[in-house]
Amino acid sequence: MTKEEFQELVQEISSVISGKPLDHVLSAELNEKYPPESNIFNSIRGACDQAIADGWMCNQEHRGIKFGRIINDLDGFSVDVVEMNNVVGPHHRHPKGEINMIMPIEGDAKFDDNGEGWFVYGPDTAHRPTVTDGNAIVLYLLPDGEIEFTGK
C-alpha cells in the first residue's frame, strides 16, 4: 500500500462529502453510504492496517498515541490517522469540524463513546479524544487541515 494508493481510496469519500455541512446529517449519510461492512470502509481499514505495519502511517508517538498526518489537502481536507489504546488524547478544538472514521482493532473499542463507523463533530467543537474498551484506529478529515490544540 503506497501513499498514492491510500489517497485514491480516501478520495472516494472526500470527493463525495466536500462542501457539505459537518453535522449529524453528514454523520448519518456516511454511516448509511459507507457502513463498516462496505467495500470502501474495509478497503480503507485494510490500507491503514498495512500502512501501519509498513511503518509509514502512525509513525510518530506521544503518550501512547501513535499518529501522523498522511495527506495535507484532499478535496479541502487534511487526512490524519491515529492509533489509540484505552487512552485520552490532548484537548483540541475543530474550527471547521472533524469527520472521524472509527475502526476498532481489538475489543469493543469506542472513540468518544462511538463504536465502529463514522462520527462527525461540527464547527467550533472541542474535545479530548478518548478511546475506551480496547484499541482503535481513527482516521479523521479536517476541513482545511484546521485544528487547534488548547493545552487544557
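Laid out as a table, the results:
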| item | result |
| --- | --- |
| Which numbered condition Gly89 fails, given (1) modelled with pLDDT of 95 or more; (2) surrounded by 13 or more Cβ atoms within 10 Å (Cβ to Cβ); (3) touching a strand residue (DSSP E or B) at 6+ places or on another chain (Cβ under 6 Å) | (1) |
| Given (1) farther than 15 Å from Gly145 by Cα; (2) modelled with pLDDT of 95 or more, index of the condition Arg63 fails | (2) |
| Selection from the stretch 65-81 of residues that are surrounded by 13 or more Cβ atoms within 10 Å (Cβ to Cβ), farther than 11 Å from Phe6 by Cα and either over 14 Å from the mean Cα position of the chain (by Cα) or of a type in the set (A, V, I, L, M) (or both) | Ile65, Leu74, Asp75, Gly76, Val81 |
| When residues of the stretch 124-145 are limited to those that are touching an Asp or Glu at 6+ places or on another chain (Cβ under 9 Å) and not in a strand (DSSP E or B), the one farthest from Gln7 (Cα to Cα) | Arg128 |
| Residue among Ala53, Ala28 that alone is at pLDDT 95 or above, under 24 Å from Ala126 (Cβ atoms) and surrounded by fewer than 13 Cβ atoms within 10 Å (Cβ to Cβ) | Ala28 |
| Residue in the stretch 112-126 that is closer than 21 Å to Ala47 by Cβ, of a type in the set (Asp, Glu) and modelled with pLDDT of 95 or more present | yes |
| Set Asp54, Asp49, Asp23: member being among the acidic types (Asp, Glu) and in contact with a Gly (Cβ under 8 Å, 6 or more places away or on another chain) | Asp23 |
| Of all residues in the stretch 92-143 being surrounded by fewer than 19 Cβ atoms within 10 Å (Cβ to Cβ) and β-branched (Val, Ile, Thr), the one that is farthest from Cys48 (Cα to Cα) | Thr125 |
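The values are calculated or read from the model by the stated rules, or taken from the named source; none is laboratory data. Predicted model, so just to flag it, every value in this text is computed and none were measured. Positions of Cβ are backbone-derived with ideal geometry, glycine not excepted, and every protein chain shown enters the neighbour counts.
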